[in-house]
Structures are given as C-alpha cells and as structure tokens.
1. Of all residues in region 147-189, which are touching a Phe, Trp or Tyr at 6+ places or on another chain (Cβ under 9 Å) and either surrounded by fewer than 20 Cβ atoms within 10 Å (Cβ to Cβ) or closer than 27 Å to residue 222 by Cβ (or both)?
2. Return the residue satisfying two criteria in turn: it lies in region 15-29 and is within 13 Å of residue 327 (Cα to Cα) and in contact (Cβ under 8 Å) with a residue 60 or more places away in the chain, and of such residues it is farthest from the chain's Cα centre (by Cα).
3. When you scan region 246-268, how many residues do you find that are over 26 Å from residue 224 (Cβ atoms) and of a type in the set (S, T, N, Q)?
4. Tell me whether region 270-278 contains one or more residues that are without any contact (Cβ under 8 Å) to a residue 40 or more places away in the chain and either surrounded by fewer than 21 Cβ atoms within 10 Å (Cβ to Cβ) or farther than 15 Å from residue 163 by Cβ (or both).
5. So residue 317 clears everything in (1) in contact with a helix residue (DSSP H, G or I) (Cβ under 8 Å, 6 or more places away or on another chain); (2) under 29 Å from residue 19 (Cβ atoms) except one condition, right? Which one?
6. Within region 231-245, is even one residue over 21 Å from residue 121 (Cβ atoms) and in contact (Cβ under 8 Å) with a residue 60 or more places away in the chain?
7. Within region 129-155, count every residue that is closer than 20 Å to residue 317 by Cα and among the acidic types (Asp, Glu).
8. Please work out which residue is farthest from residue 296 (Cα to Cα), limiting yourself to region 118-163 and to residues that are among the polar types (S, T, N, Q) and part of a helix (DSSP H, G or I).
Amino acid sequence: MFDLVLVGYGNVAKRLVSLIEERADEWRCEFGVLPTVIGIATRRDGPRYLRAEFGRTRATTALEFIREACRRDRRAARDASLVVVETTTLDVQRGQPAIDHVRAALAGGAHVITANKGPAAFAYRRLARAADRAGRRFLFESAVMDGVPIFNLVRETLPIVSVTGFRGIVNSTTNYILTAMERGQRFDAALAEMQARGIAEADASLDVDGWDAAAKTAALANVLMDARITPHDVTREGISPATGAAALAAAASGRRLKLVVRAEFERSRGVAARVAPEALPADDPLASVEGQQNALLLQTDLLDEIAIVQRGGTLTHTAYGLLSDLITIARARRRERTSGRRRRSPSRRDRR
C-alpha cells in the first residue's frame, strides 16, 4: 500500500510503527496490505535504507536522503504510494529544517505527514500550494492537541463553515504546572515531573516561555483562519516560578489561572493572536481543564462556538494523529483509483 520514509525516529515515530503493527488486521481488511518502512533518517545515526534493493545511501543529511529516496523508490513516487513521515523537533526561529524536508518530499512525489508544528506555523500557505501542484497530501494532525482531529474536523466535517476565532489551552506542560502550583507544588518540581514523563519539550523553555503554544496558535490561525503569521507574530507571555503567586491568588478569588491562546480578526491588522496567562471565571469552559488536559473553543459563523476537549495526552495519542493522516491518504488514494482518476505526479516544473 505505502512505502514510508521516517525522518526522525524518536518515541513518536516508533509508536507509529508499533500502532501500524497492532492494527495490522484492520489495515489488511480495509487496504489489503500494511505500510512498509523503507528508510529511516535520524540526527544521531544518519540515514539508512531498510530494504536491500535500494542499496546503501550516499546521503549524509535527512534532506539529501529524502531526495534520494524519492528517486530510488520512483515506482512508489509515481504511484502516489510514497509517504515521508516528518517527526523532527520544532525550530521556533524559522521552522527549519522541517520546512525543507516537506518541500523536498512533495517535489519528489511523496505525500507528507508530520507532527512538527514548524511547517504549518511558518510556511503553511507555500507548502499547501506545493502539495496541490504536486497532487500530493501535506497533513499534520499531530501538530496540535496530539491525535484530536482539529484540522480534520474543520476540513472534513464543517463544509462552508468559517472559523472566525478561537481560544484554548494547548500546552500540556504549562497547564499541569499551573494546576500543580494551585495545590502548593513548586514550579521546578512540577516541570521536572513533566520532563520525566516525556511530556515537556526537550528544551523546556519552549513550553514555559510560551513558544510551543505560540507555534500551535500560528498553525491553527494559518490553517483555520487563512492567516499569514508565524510564531513571532503572536504576542507571547509565558509562565515562571513567580506565576505561582498569581495562580494561588486567582484560586482564592474563585478563578483559575490558565495559559490561554487566542486568535481573532481585527479590522486594522487581520488576524491578531496572543498567548498569555489569564485568570478565568469558574464557569468558563477552559477553567475546568486540569493537569495535562487541553481544550480548544472554535468560534464559527454558522455554528457559534464549538468546544473540543482532550482529557489526556500521551505518546499513543500523538502517534495516532500520524496514523490518522496516513489513513486519510490511503482512503483518498483508494477512492481515486476506484473512480479511475489518479492525482498527477509532479512535473519537472513542480520539482524546481
């Protein structure tokens, strides 16, 4: 069905592979055959092929490996059955090298699924156009709220509905820390617990300084509201040990301190977005979001407010987001083949 090239092979990518194996019966029942990993590129071990027919790689970087794999597996690329799975870590300054990875894969005839927030946060419009020109998919359901189908919800089930704004809690680490500090736990101890669980980013400042939330806000705004912003356009305020006093004061007054993301249309500047701690009334839907839970409230033109709540976030949830994107591609390809229509392979002009 699909040949997979894994760019990044950390816990999320490994869990994706195990999920495919665990759901082998469902895959075979619906699609007839399981996806196969043909190559892996990691920063520590470099790139390598897992299928002998491709020989030894000459690539020394993930970007070179993507281009080479698209050439060596040209049959799958032509047949729209090659998928690059991009799970490198977020670069909050420019979104690189993930953006170049996505662009190279699309130009080579591969679909792309990614858990990295960078491509959608920094270059969504350009990459979506590149995917359309190539006749391939660029999907990123795991980028925000793990496997909760935020982007699929709007794309697949809300036809002609416009998202006019949103607010939410989208960073598990900071929400856990704020909840813990309300209960008297120290900031450092709560953060250390999130790091021990593998929930906090490798660079914890991305979480506590609000950068992770800003990247997710930019991705949501770009995809759902047709914005043209990056995380650097998001007004940002994070949390620190000193925030504990504010969390306790809010709780004493019957409110809850939360790191809230917001985006809305402003007549003078288009989409305005921010990340900042807010003391919320007890009856606010976001006030009851505890610990590692996340929530997003979408404001729409036809359906008013839609609430999506994630009661827990685990490695499996993130990997499931990638799996759901892979299934989306598989089902679309099957429909196209059944109807006798096939998405065209990228032309030489598209590859430039």
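1. 147, 151, 164, 165
2. 23
3. Adding up the residues that qualify gives 1.
4. yes
5. Result: residue 317 passes all but (1).
6. Yes, that holds for at least one residue.
7. 2
8. Among residues in region 118-163 that are among the polar types (S, T, N, Q) and part of a helix (DSSP H, G or I), the one farthest from residue 296 (Cα to Cα) is 157.
Values quoted throughout were computed directly from the atomic coordinates according to the rules given, and no laboratory measurement underlies them. This one's a predicted model, so the numbers in the text were calculated from it and none came from an experiment. Methodologically, a virtual Cβ is constructed for each residue, glycine included, from the backbone with ideal geometry; neighbour enumeration extends over all protein chains shown.
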